[in-house]
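See below for the structure under consideration.
The values are calculated or read from the model by the stated rules, or taken from the named source; none is laboratory data. As the structure is a computational prediction, the values presented were derived from the model and not from experiment. Please note: Cβ atoms are built from the backbone with ideal geometry, for glycine as well, and neighbour counts cover all protein chains shown.
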Ligand code: ATR
């Protein structure tokens, strides 16, 4: 990071524990430079025990930060400690974007918007399907379910290894979301037009699953929120079986847009150069 930039302009952060693998400094650094803005964005590691004090220093203005991103494991705590979490954060019980406004620490969650913006860009019309299958019932799944439901997909099949987690999550969303065990995967894929992996299955170093996508509609799209590797085993299998695929890198890039706009006042663009920079860093 260029230290000279930290002395001028607005300062924003990404905090997590650990945080050194975060790609967010590359993303925001690229936008600051391409928009010729005098701001800075840097990784700021905060241990869970120190997180409340960090938030307090933000609220009091002692930290000089105008806001920032929050990643694992602080998203739930960020939501709880913010002065004004928005409706989206409240529904998800987690926030990933913080900013100071009118003397208050405000919070939102941009994961769902990142997910839909990526699909809108890469596969327009993805939401014109009768049913969708979502694999995984963790925190990431929750944001994706909400985003997909809010786009009007009324039949969402939530499949998870631990079925109790799927049941619990589905209950939060009402009748549109149906929970299932893994054994039901093939059955619920019948006629679905969208398949979303939100689990770490196939992530670098994890076991690759073996999925038969043929029950999906022939024009279905398969997407993965994992982006390392870019072409996950799930996407590679779907592609080999003739399905359209969308990788998860765009979700990471698009979820960063609202925060940048809040902190630095300009709406940045997700372009091919940025995508290539992140890929080169993998
Ligand atoms: P995140 O917040 O990133 O979604 P998480 O809350 O730990 O992370 O959720 C991880 C998801 O990946 C869960 O749905 C998990 O399934 P369980 O609820 O059964 O744990 C799923 N997952 C992780 N490893 C898996 C594996 N080897 N097989 C099947 N599902 C797996």
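So here's what we get for this one:
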| read-out | value |
| --- | --- |
| Tabulated pairs, region 159-181, first more than 13 Å from residue 144 (Cα to Cα) and more than 14 Å from the ligand (Cβ to nearest atom), second modelled with pLDDT under 95 and not in a helix (DSSP H, G or I), C-beta under 6 angstrom, 6+ apart or interchain | 176/154 |
| Test: residue 68 is part of a strand (DSSP E or B) and either modelled with pLDDT of 95 or more or touching a strand residue (DSSP E or B) at 6+ places or on another chain (Cβ under 6 Å) (or both) | yes |
| Residues that are within 13 Å of the ligand (Cβ to nearest atom) and either surrounded by fewer than 20 Cβ atoms within 10 Å (Cβ to Cβ) or not assigned by TED's automatic domain parsing to the domain that holds residue 130 (or both), drawn from region 186-202 | 200, 201 |
| Verdict on residue 40 being crowded, with 22+ Cβ neighbours inside 10 Å and touching a helix residue (DSSP H, G or I) at 6+ places or on another chain (Cβ under 8 Å) | yes |
| Residues of region 179-199 classified as over 24 Å from residue 251 (Cα atoms) and in contact with a helix residue (DSSP H, G or I) (Cβ under 6 Å, 6 or more places away or on another chain), total | 3 |
| Some residue of region 244-256 being farther than 19 Å from residue 27 by Cβ, touching a strand residue (DSSP E or B) at 6+ places or on another chain (Cβ under 7 Å), at pLDDT below 95 and not assigned by TED's automatic domain parsing to the domain that holds residue 95 | no |
| Residues of region 200-221 satisfying the condition of being over 16 Å from residue 245 (Cβ atoms) and modelled with pLDDT of 95 or more | 215 |
| Residue count for region 204-214, restricted to those that are within 20 Å of the chain's Cα centre (by Cα) and more than 9 Å from the ligand (Cβ to nearest atom) | 1 |
| Given (1) surrounded by 23 or more Cβ atoms within 10 Å (Cβ to Cβ); (2) farther than 20 Å from residue 226 by Cα; (3) assigned by TED's automatic domain parsing to the domain that holds residue 226, index of the condition residue 98 fails | (3) |
| Residue in region 173-190 that is within 22 Å of residue 111 (Cβ to Cβ) and out of contact with any strand residue (DSSP E or B) (no Cβ under 8 Å at 6 or more places or on another chain) present | yes |
| Tally of residues being surrounded by fewer than 18 Cβ atoms within 10 Å (Cβ to Cβ) and not in a helix (DSSP H, G or I) across region 249-282 | 6 |
| Criterion (surrounded by fewer than 17 Cβ atoms within 10 Å (Cβ to Cβ) and either under 23 Å from residue 171 (Cα atoms) or away from the ligand (no atom under 16 Å from the Cβ) (or both)) met by exactly one of 85, 124, 73 | 124 |
| Scope region 11-21; condition at pLDDT 95 or above and surrounded by fewer than 20 Cβ atoms within 10 Å (Cβ to Cβ); matching residues | 17, 18 |
| Output for region 88-105, where each listed residue is assigned to a loop (DSSP other than H, G, I, E, B) and within 16 Å of the ligand (Cβ to nearest atom) | 93, 94, 95, 96 |
